[in-house]
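Trainee: Quick one: structure below, then a few questions.
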Amino acid sequence: MYWIYLALFILAVLTPEIIARGTLFLREEDVESLLILCFGLLGFALYLAKEKAFLRVFQEKLHLQRRTHLITRDLSDSYSYIGGMNRKFDIVKELIFHLPQDMAEVFAKREPETYQPIIQTVKLLAKATAVSLRFVNMRTKDIEKAVENDPEGIFSAFDAKTLLASKKTFWEEKGCVVVRSPRQAKNMTVYIIFPKATNRIDDIEVFKILASQALLLFCVDRFGAAERNSKLVSDQR
């Protein structure tokens, strides 16, 4: 392209030497001016075409940079999400592996310690300082058991009537997050309550798993002990 500009410039400069006389009705000066104008217009047209091509390449470069930025950001978010999920999986896996010990503590009547792994896991995942486990009898509409650390009384508003008013398994109310176990057992259900510390809760299913495990421990303690006592009385007879 630069050689074409140079050739046009040389031709424009040598036009007076090339044109020796006029043509038809045009004088020599008019022909020279017309040729120089044509050379100038041709050079300007080539410049516009080059500028347009450069602008197109520049726009494509910007588009590729934006796509690269979006892909990089998505990859970073994906790595962060995968890392977070792996961490949460390890926490839940450790809790599940701890289940036999929890069951042993139930049979040994160490109830407060039994639910501590669940409470500590909820605190870790929810970044909360207080957690409440409330076991509600769906038939009598009463809270039969509450395991919590609530120094400020933030869970006092969540009585059985308030909890049973919602049919959801997850909702937010009074600055707290409430998670209910997906299934009932012997007319019993459990609610996990903790203050909302983040704008978005991404671990709903994990909290439901924790609620189900808490309900399992409660049922083993409550109904398993009753069945064992009944069997013991029958054997003595």
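Trainee: Here are K123, K109: which of them is modelled with pLDDT under 80 and in the same structural domain as P195 (by TED's automatic domain parsing)?
Mentor: One residue alone meets the criteria, K109.
Trainee: Sticking with this one: Output the residue which, of all residues in the stretch 126-164 that are hydroxyl-bearing (S, T, Y) and surrounded by 12 or more Cβ atoms within 10 Å (Cβ to Cβ), is modelled with the lowest pLDDT.
Mentor: Among residues in the stretch 126-164 that are hydroxyl-bearing (S, T, Y) and surrounded by 12 or more Cβ atoms within 10 Å (Cβ to Cβ), the one modelled with the lowest pLDDT is T129.
Trainee: From the list V206, V178, pick out the single residue that is within 17 Å of A128 (Cα to Cα) and either modelled with pLDDT under 90 or assigned to a loop (DSSP other than H, G, I, E, B) (or both).
Mentor: Result of the check over V206, V178: V206.
Table: residues versus (1) surrounded by 10 or more Cβ atoms within 10 Å (Cβ to Cβ); (2) at pLDDT 65 or above; (3) small (G, A, S).
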| residue | (1), (2), (3) |
| --- | --- |
| A7 | yes, yes, yes |
| G22 | yes, no, yes |
| F58 | yes, yes, no |
| D74 | yes, yes, no |
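Trainee: How about the stretch 165-175: which of its residues are of a type outside the set (D, E, K, R), out of contact with any helix residue (DSSP H, G or I) (no Cβ under 9 Å at 6 or more places or on another chain) and either in a loop (DSSP other than H, G, I, E, B) or surrounded by 15 or more Cβ atoms within 10 Å (Cβ to Cβ) (or both)?
Mentor: Once the filter is applied, which keeps residues that are of a type outside the set (D, E, K, R), out of contact with any helix residue (DSSP H, G or I) (no Cβ under 9 Å at 6 or more places or on another chain) and either in a loop (DSSP other than H, G, I, E, B) or surrounded by 15 or more Cβ atoms within 10 Å (Cβ to Cβ) (or both), the stretch 165-175 yields A165, S166, G175.
The values are calculated or read from the model by the stated rules, or taken from the named source; none is laboratory data. Because the structure is predicted, anything quoted here is derived from the model rather than measured. Virtual Cβ from ideal backbone geometry, glycine too; neighbours counted across all protein chains shown.
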